[in-house]
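Student: Got a structure here, written out as structure tokens. Questions coming.
The values are calculated or read from the model by the stated rules, or taken from the named source; none is laboratory data. Please read all numbers here as calculations on a predicted model, not as lab measurements. Heads up, the Cβs are rebuilt from the backbone with ideal geometry, glycines too, and the neighbour counts pull from every protein chain shown.
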Amino acid sequence: MAALTLTIEPDEFTVIGGYAVQWTWTGYPGNTLWEWLQMLLVPLVFPTILLPFLLKWISGNAAERAAKAHEAPTAPTAGGARP
């Protein structure tokens, strides 16, 4: 390996600056544990728990209806079987 580089994400950069350098514009200093949980968990809860439920509700269980329609026997035609 020629070089080992460490990268810091922008959100990590602002957290470090907010606490270590006392940047007040970040809004991080003084946050409680509950506030940190809200900031971190809300972006995870929506796509993992709420979004699948909402998509199923909006689609009206389209996948289940399609599976039932595929399993349903076909009705015989009025003219009978064709050769």
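Student: If we scan region 29-46, do we find a residue that is modelled with pLDDT of 80 or more, surrounded by fewer than 10 Cβ atoms within 10 Å (Cβ to Cβ) and on the phi > 0 side of the Ramachandran plot?
Tutor: Yes - at least one qualifying residue is present in region 29-46.
Student: Can residue 14 be described as touching a helix residue (DSSP H, G or I) at 6+ places or on another chain (Cβ under 6 Å) and modelled with pLDDT of 75 or more?
Tutor: yes
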